[in-house]
Amino acid sequence: MSRVAVIGGGLVGVCCAVFARRAGHDVDLFERGDIGGGASFGNAGIMSSGGCVPMALPGVFKKLPKMLLAANEPLSIRWSYAPKLLPWLSHFVRSAKPARVEATSKALYRLQSAAHAAYDEIVETSAFDSQIASKGLLFPFSSKTAFEGSARARQIRTARGVQFEVVDRERLYELAPDLAAGFYNGVLFGEARHALNPSRLAQKLTQDFSGSGGRVKRVAVQMVRERQTVVDVVSAEERRGYGSVVIAAGAWSRQLLGKEGAGVPLESERGYHVMLPNPGVIIPRPMIFSEFGLAVTPMQGGVRISGLVEFAGLDAPPDFRKADRMLHRAVDLIPNLKIAGADYWMGHRPSLPDSMPVIGPPRSGSRLLFAFGHGHQGVGQAAITGKIIAALLSDAPLPLDIRPFSPVRFSRTT
């Protein structure tokens, strides 16, 4: 049994801690704020193998000027931050090459295909019965043009073996009767699940972790430093050595690592949500309106509208005009939505330019393990990431090939 520190109390970090503890390790979980805070608090909560389509697809370079010029686009870049984003954008454009898209989608599909079973290993008790719903995921399309515009994504999913159903207009309105009139058709992913309260799921898992002997340390880690035989975790209060340290601090991960994280082009993909406590309609399952860049998810406490990504760094103040535009677009799409009591939020998704996380050591023989950069898929990929990390800590067989997720992949020129 080794002494392990996991830094980051979001869903990914919590799942790493849970699996490591179940593998017999002595584990401290560090979190400076609330367990399940940050991106784990504010995401759409969707878990689906359909998420194997990367953000960067062939032709994305032509869209970059629009991202800079139109602040109301689903994905936008603040002008003032654009120079700092250039290294990330360079990797983003390169990752859109057809061969890279093919390899990325294969790797993501393998990761996400193992995700449901990994969750089932750690949520088997009755305490989790109300945490995850299996209702599927629906993509409504407002027009034939919009549906045809998503053809490349469907082709990628079909090539990977993702199961989905194209539903006609009549079936679409049976599945989502409160949609505005005039929608063309939809795509249904029957295997998809969603977390009814992602933050609460992280908290329940942490209770399970603590009950099994794991320790939660409410400490702001300032730095991680690897020495010959130990890794030091440094805070304002103390420096403590561990046999291994897992970095799962989301968008803040690279700040902890110094030179060890310099080669990983991690950025904050700032996302917004609006929570409607009394929506006035029944949303049976999550819906993603891909042409408008927003998702609508039924959750405990109401309906969550999320989406609209911007790149502006970790320090810029939120622009809640984006959330307001997103809310009013949702009302256009679902006219009976009641917006009284709407609660706005902005958070930082840890984003890597090829839409894949980094999982594993930064170099051979390192006692550091990276587990961050999950972007939009952090909820769905959290448990399988934790299972991989526990296997690495234990020198046990890995559940899948993790070479595509290596932290050193960005130093390659191809």
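Any read-out appearing in this document is the output of simple, stated calculations on the displayed coordinates, not a laboratory observation. The model shown is predicted, which means the values in this text are computed figures rather than measured ones. Please note: Cβ atoms are built from the backbone with ideal geometry, for glycine as well, and neighbour counts cover all protein chains shown.
Computed across segment 1-133, the Kirkwood radius stands at 18.1 Å (inverse of mean 1/r, all Cα pairs).
Whole-Hz Karplus values for segment 214-226 come out as x, 10, 9, 10, 7, 9, 8, 6, 9, 7, 10, 10, 8 Hz, taken residue by residue from phi with 6.51 cos²θ - 1.76 cosθ + 1.60 and θ = phi - 60°; glycine and proline positions read x. According to the calculation over all Cα-Cα pairs in segment 294-342, the P(r) per 10 Å bin from zero is 22, 52, 23, 4 %.
Taking a ≥ b ≥ c as the square roots of the eigenvalues of the Cα gyration tensor, segment 152-282 is prolate, since a/c reaches 1.5 or more and a/b is larger than b/c. With the simple model of a label 7 Å out from the Cα in the direction of the Cβ, Gln163 to Ala82 spans 4.6 nm. Per q in 0.11 1/Å, what log10 I(q)/I(0) does a Debye calculation on the alpha-carbon atoms of the chain return? Debye output, listed in q order: -0.79.
Peptide packing: for 251-257, 353-359, 3-9, 112-118, the average count of neighbouring Cβ atoms within 10 Å per residue gives the ranking 3-9, 353-359, 251-257, 112-118, highest mean first.
Volume per residue, Å³, of the convex hull around the alpha-carbon atoms of segment 43-121?
Details: hull volume 9.5 nm³, N = 79.
Per residue, the Cα convex hull of segment 43-121 comes to 121 Å³.
The share of C-alpha pairs in segment 85-193 whose separation exceeds 22 Å stands at 52 percent.
In straight-distance terms, cross-link reach from Lys338 covers every one of the lysines whose alpha-carbon lies under 24 Å from its own, apart from those fewer than eight places away in the same chain; here that gives Lys135, Lys322. For segment 260-414, the average shadow cast by the Cα convex hull is 11.6 nm², which is a quarter of the hull's surface. In order along segment 47-53, the Karplus-derived 3J(HN,Hα) couplings, from 6.51 cos²θ - 1.76 cosθ + 1.60 at θ = phi - 60°, round to 10, 7, 5, x, x, 8, 9 Hz, and Gly and Pro are given as x.
Computed on the chain, with alpha-carbon pairs under 8 angstrom and 6+ residues apart, the relative contact order is 27 percent. Taking 0.692 mPa s as the viscosity and 37 °C as the temperature, the Stokes-Einstein diffusion coefficient of segment 352-414 based on its alpha-carbon Kirkwood radius rounds to 270 µm²/s. Here the Gaussian network model covers the chain, with springs between Cα atoms less than 10 Å apart; of Ser95, Ser150, Ser40, Ser150 fluctuates the most. Could you identify which residue out of Met223, Met299, Met346 has the top mean-square fluctuation in a GNM of the chain using Cα springs shorter than 10 Å? So, out of Met223, Met299, Met346, the one fluctuating most is Met223. For the chain, the mean residue ellipticity at 222 nm estimated from helices alone is -9500 deg cm²/dmol, where every DSSP H run of n ≥ 4 contributes -39500 (n - 2.57) and the total is divided by all residues, rounded to the nearest 500. Compactness check for segment 246-310: Cα Rg over 2.2 N^0.38 Å is 1.55.
Counted by Cβ distance under 15 Å from Asn185, the other residues give a net charge of -2, where Lys and Arg count +1 and Asp and Glu count -1.
Of all beta bridges DSSP finds with both residues in the chain, what is the antiparallel percent, to the nearest 5? For the chain, the DSSP antiparallel bridge percentage is about 70.
Against the chain, whose longest principal axis comes from its Cα atoms, helix 11-22 is set at around 40 degrees. In sequence order, segment 390-402 has phi-based couplings of 4, 5, 5, 5, 9, 6, 9, x, 7, x, 6, 6, 9 Hz under the Karplus curve 6.51 cos²θ - 1.76 cosθ + 1.60, θ = phi - 60°, and Gly or Pro positions carry x.
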